[in-house]
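Taking it in order: structure first as structure tokens, then the write-up.
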Amino acid sequence: MNYKNILFEKRGTVAIVTMNRPDKLNALNKETLDELENVFAEIKNDESIYVIIITGSGEKAFVAGADISELNKLDMISAKEFSECGQNVFSLIEQSDKPVIAAVNGFALGGGCELSLACHIRIAGENAKFGQPEVNLGIIPGYGGTQRLSRLINTGRAAEYILTGDMIDAGEALRIGLVSKVYPQKELINKSIELAGKISSKGQHAIRYSLKAVRAVNELSLKEGLKFEASLFALCCGTEDFKEGTGAFLEKRKPVFKNR
């Protein structure tokens, strides 16, 4: 499928989704959100794809926010629909059974920060800047920023960044746990592909069940989460991947997962 505002390519078992509105610093509009939803539906149905990378085109921006020309036209009714549309697309990404890596190559502001928060792993270039500056426009984050940022870095820090609209540079993002790695800009994509390849080499049943277990942290109590983890552990032990992985370990060889 061809997309107007997104570039989509496959490199082996890795899909790379590039937000591609460089003249708008890759700002999100309704058309781009629709395309993002469609590309994730396409990826979901492609069994040859194990890991997804999301990044932005150019050297300045991952996604620099929502399209202000669309925002300016909202009233209270259309604003709720606007917010729910973005939330639904980002929840689709968050609920993906295939790991999603955000390779943040510049500004990740507003909707761009929220897009990165919906991904399972975030790595950044040295020039990356995160932020939820919506208060400067007289609004609040509407694509999940208040909820996901608070869960990721704690409510106190999240409140400060949301209430001030201050930006977070790559070093600070690493320090507070917003990203897991920071690389020189020119190395970012290669490092993200390297990480995706490492994940792709594992037993994919275990990868999918691991994602399910990690996502449950914000939904279940510790007691419930432990029961859920045990049930997923049991499912893993019923797969060919389990037999191959443990057998390879005992035979002192590298496992060869069929991942079917």
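The values are calculated or read from the model by the stated rules, or taken from the named source; none is laboratory data. Computed from a prediction, not measured in an experiment: that's the story for all the values here. All Cβ positions, even for glycine, are placed from backbone atoms using ideal geometry, and neighbour counts span all protein chains on display. Quick note on the areas: whole protein, heavy atoms, side chains included, nothing else; ligands and nucleic acids left out. Shrake-Rupley method; radii C 1.70, N 1.55, O 1.52, S 1.80 Å.
Any residue that is more than 17 Å from Val17 (Cα to Cα), open to solvent by 10 Å² or more (accessible area, probe 1.4 Å) and among the charged types (D, E, K, R) - is there at least one of those in segment 109-126? Taking every residue of segment 109-126 in turn, at least one turns out to be more than 17 Å from Val17 (Cα to Cα), open to solvent by 10 Å² or more (accessible area, probe 1.4 Å) and among the charged types (D, E, K, R). Residues in segment 216-227 that are touching a residue at least 12 places away in the same chain (Cβ under 8 Å) and open to solvent by 70 Å² or more (accessible area, probe 1.4 Å): Asn218 only. Checked against (1) in a helix (DSSP H, G or I); (2) free of Cβ contacts under 8 Å to residues at least 40 places away in the same chain, Gly238 passes all but a single condition, namely (1). The set of residues in segment 181-215 being open to solvent by less than 60 Å² (accessible area, probe 1.4 Å), modelled with pLDDT of 95 or more and closer than 25 Å to Arg151 by Cα consists of Val182, Tyr183, Ser192, Leu195, Ala196, Ile199, Ala206, Ile207, Tyr209, Leu211, Ala213. For segment 75-97, the condition holds for no residue, the condition being that it is surrounded by fewer than 23 Cβ atoms within 10 Å (Cβ to Cβ), free of Cβ contacts under 8 Å to residues at least 40 places away in the same chain and touching a Lys or Arg at 6+ places or on another chain (Cβ under 9 Å). Note on segment 136-152: residues that are under 17 Å from Arg122 (Cα atoms) and either touching a Gly at 6+ places or on another chain (Cβ under 6 Å) or exposed (fewer than 15 other Cβ atoms within 10 Å of the Cβ) (or both) total 1. Check segment 153-166 and report whether any residue there is more than 23 Å from Thr18 (Cα to Cα) and modelled with pLDDT under 95. Yes; the residues of segment 153-166 include at least one that is more than 23 Å from Thr18 (Cα to Cα) and modelled with pLDDT under 95.
When each of Asn45, Asn72, Asn2, Asn38 is tested for being under 23 Å from Leu211 (Cβ atoms), of a type outside the set (Ser, Thr, Tyr) and without any contact (Cβ under 8 Å) to a residue 12 or more places away in the chain, the lone residue that passes is Asn45.
Considering (1) among the aromatic types (Phe, Trp, Tyr); (2) under 24 Å from Gln132 (Cβ atoms); (3) open to solvent by 20 Å² or more (accessible area, probe 1.4 Å); (4) touching a strand residue (DSSP E or B) at 6+ places or on another chain (Cβ under 7 Å), the lone condition that Phe8 does not fulfil carries the number (2).
Within segment 216-235, being part of a loop (DSSP other than H, G, I, E, B) and under 23 Å from the mean Cα position of the chain (by Cα) holds for Glu219, Leu220.
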